[in-house]
Amino acid sequence: MHMKRLCEKCSLNNIRIIIRIMPYVSGEIKEDGSVDKLYAFFQELKSIWPNLSVSQPMILNWDDDLFFDNVHLNAQGAERMANVLTVEINKNVK
């Protein structure tokens, strides 16, 4: 698993990891248990590697008008995401 290897290498080198899942178009999240599995996976990683931070809320549901299509942010969405990332990085790098 690539993520676990990345966490291990970062931990050995005292590097913090910040996980931010990119936003979803509102209503695109499937109720198939995949979000629960993702949450459990990141909780497992956090329990092993304390240098890992998972941004909360983990899942961001944003309105359609912030997306170019169902996956890619448009200019307004990118600007909003840049602001989210700035806040999260500043909060975690102290």
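Look at the alpha carbon pairs under 8 Å that are at least 6 residues apart: their mean separation over the length of segment 2-92 gives a relative contact order of 34 percent. Taking other residues whose beta carbon is less than 12 angstrom from the beta carbon of Gly77, and scoring Lys, Arg as +1 and Asp, Glu as -1, yields -4. Non-local lysine pairs in the chain, meaning eight or more places apart or on different chains, with alpha-carbon distances under 28 Å, amount to 14.
For Val54, the residues whose modelled amide H falls within less than 5 Å of its own, excluding neighbours fewer than 5 places apart on the same chain, are Ile19. Rg then Dmax, both in Å and based on the Cα atoms of the chain: 14.8, 42. Between the amide H of Phe67 and those of Asn74, distances stay under 5 Å, these residues lying 5 or more places away or on another chain, with hydrogens modeled in the peptide plane.
Between Leu60 and Lys37, the distance separating the two model label sites (each 7 Å from Cα on the Cα→Cβ line) works out to 2.5 nm. At full extension, Ser47 and Asp69 could sit 4.4 nm farther apart than now, given 0.36 nm per residue minus the alpha carbon distance.
In a simple Cβ point-charge model (Lys, Arg +1; Asp, Glu -1; nothing else charged), the chain has a dipole of about 760 debye relative to its Cα centre. Extension gain, Glu8-Asn90: 0.36 nm per intervening residue step, less the Cα-Cα distance, totals 27.2 nm. Among the GluC sites (Glu not before Pro) within segment 3-94, those in coil by DSSP and having at most 15 neighbouring Cβ atoms inside 10 Å are Glu28, Glu31.
A dipole drawn for segment 2-92 from +1 and -1 charges on Cβ atoms has a positive end, and of Ala40, Pro57, Phe67 the residue lying farthest that way is Ala40.
Across segment 55-70, coupling constants 3J(HN,Hα) worked out from phi with the 6.51/-1.76/1.60 Karplus curve, θ = phi - 60°, read 4, 10, x, 5, 9, 9, 9, 10, 5, 4, 5, 9, 10, 6, 9, 6 Hz, and Gly and Pro carry x.
None of the figures in this text is laboratory data; all of them are computed from the coordinates on show. Keep in mind it's a predicted model, so treat the numbers as computed, not measured. Quick reminder, even Gly has a Cβ in these numbers, built from the backbone with ideal geometry, and neighbours come from all protein chains shown.
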